[in-house]
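Here is the structure we will look at.
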Amino acid sequence: MLLRIDHVGIACHDLEAKIKLFSELFELEVVAREVNEEQGVKEAMLRVSGDSYIQLLEPLSPDSPVGKFLAKRGEGVHHVAFGVGDVSDTMEQIATKGVRLLDEKPRHGSMGSSIAFLHPKDVGGMLTELVQGAKPAV
Ligand code: V0V
Ligand code: CO
């Protein structure tokens, strides 16, 4: 069902400062940047290797998911995203297991991907994202 860890999402107050920190500390390249209004974030993807990334997330507003998370918990790991072959199929399979889906249908994600979230309370306290990449999974 899960093909790989696609990315680890990290909530931060200042995207540029954290890009500098992570890119210098781990010698990573920024491969994409995007403002995603629907998700309420400004984000950057830093490639670790292949299709595996660190995603840095700055909220667009305090009442967005990442804005609320920062107010409650401060900066740190916000979600883990798994690569899947077909996000709609995986959502259907997971729904049959009684886990709450936070999205009724796939949404637009970073780098042209299709994404969906699972409720953290049903996944051991971990906000979980499913990602179908823009190019076919290998
Ligand atoms: C909240 N909770 C979390 C959490 N956020 N637990 C683990 N990790 C997180 N990130 C806990 C929270 O402490 C509460 O537990 C409980 O879940 C309900 O939270 P809440 O504060 O009452 O509710 P909200 O309104 O903060 O909503 C939380 C959820 C929301 C997860 C439902 O953030 C959401 O829908 N997230 C999905 C969308 C998203 O996160 N987008 C930004 C990334 P207690 O206190 O009751 O025990 S965008 C992205 O990744 C993109 C674009 C991409 O990858 O391409
Ligand atoms: Co993400």
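Bear in mind these aren't lab numbers, they're just calculated from the coordinates by the rules spelled out. It should be emphasised that the depicted structure is a prediction, and the values quoted were computed from it without experimental measurement. Cβ sites come from the backbone with ideal geometry, for glycine too, and all protein chains shown count toward neighbours.
In the list Arg33, Arg73, Arg107, which residue meets the criterion of being under 20 Å from Thr128 (Cβ atoms) and away from ligand 2 (no atom under 12 Å from the Cβ)? Spell out how you get there, then give the answer.
Working: Arg33 fails: under 20 Å from Thr128 (Cβ atoms); Arg107 fails: away from ligand 2 (no atom under 12 Å from the Cβ).
Matching residue, one of Arg33, Arg73, Arg107: Arg73.
Kindly evaluate Val66 against the criterion of being touching a residue at least 40 places away in the same chain (Cβ under 8 Å), of a type outside the set (Phe, Trp, Tyr) and in a helix (DSSP H, G or I). It would help to see each step written out before you state the result.
Working: touching a residue at least 40 places away in the same chain (Cβ under 8 Å): yes; of a type outside the set (Phe, Trp, Tyr): yes; in a helix (DSSP H, G or I): yes.
Criteria met by Val66.
Give just the number: which of (1) surrounded by 15 or more Cβ atoms within 10 Å (Cβ to Cβ); (2) more than 12 Å from the chain's Cα centre (by Cα) does Ser110 not satisfy?
Every condition holds for Ser110 apart from (2).
Look through the range 72-90, keep the residues that are assigned to a helix (DSSP H, G or I) and in contact with a strand residue (DSSP E or B) (Cβ under 9 Å, 6 or more places away or on another chain), and return whichever of them is surrounded by the fewest Cβ atoms within 10 Å (Cβ to Cβ). Full working, then the answer.
Applying the first criterion (assigned to a helix (DSSP H, G or I)) to the range 72-90 yields 72-73, 87-90.
Remaining after also requiring in contact with a strand residue (DSSP E or B) (Cβ under 9 Å, 6 or more places away or on another chain): 73, 87-88, 90.
Details: Arg73: 11, Val87: 23, Ser88: 14, Thr90: 21.
Here the answer is Arg73.
Taking Glu38 as meeting all but one of (1) among the charged types (D, E, K, R); (2) more than 15 Å from ligand 2 (Cβ to nearest atom); (3) in a loop (DSSP other than H, G, I, E, B), write down the number of the exception.
Among (1) among the charged types (D, E, K, R); (2) more than 15 Å from ligand 2 (Cβ to nearest atom); (3) in a loop (DSSP other than H, G, I, E, B), the lone unmet condition for Glu38 is (2).
Checking Ser61 against (1) within 16 Å of the chain's Cα centre (by Cα); (2) part of a loop (DSSP other than H, G, I, E, B), which test does it fail?
In the conditions (1) within 16 Å of the chain's Cα centre (by Cα); (2) part of a loop (DSSP other than H, G, I, E, B), Ser61 misses (1) alone.
How about the range 13-33: which of its residues are in contact with a Ser or Thr (Cβ under 8 Å, 6 or more places away or on another chain) and over 27 Å from Ala71 (Cβ atoms)? Outline the logic, then answer.
Our first condition is that a residue be in contact with a Ser or Thr (Cβ under 8 Å, 6 or more places away or on another chain); within the range 13-33, this holds for 29-30, 32.
Glu29 - this is the single residue of the range 13-33 that is in contact with a Ser or Thr (Cβ under 8 Å, 6 or more places away or on another chain) and over 27 Å from Ala71 (Cβ atoms).
Sort out which residues of the range 23-53 are among the hydrophobic types (A, V, I, L, M, F, W, C) and surrounded by fewer than 19 Cβ atoms within 10 Å (Cβ to Cβ), and write them in order of number. Full working, then the answer.
Taking the range 23-53 first, the residues among the hydrophobic types (A, V, I, L, M, F, W, C) are 25-26, 28, 30-32, 35, 41, 44-46, 48.
Correct list: Leu25, Phe26, Leu28, Val30, Val31, Ala32, Val35, Val48.
When the residues of the range 27-71 are narrowed to those that are on the phi > 0 side of the Ramachandran plot and touching a strand residue (DSSP E or B) at 6+ places or on another chain (Cβ under 9 Å), which ends up farthest from ligand 1 (Cβ to nearest atom)?
Among them, the one singled out is Gly50.
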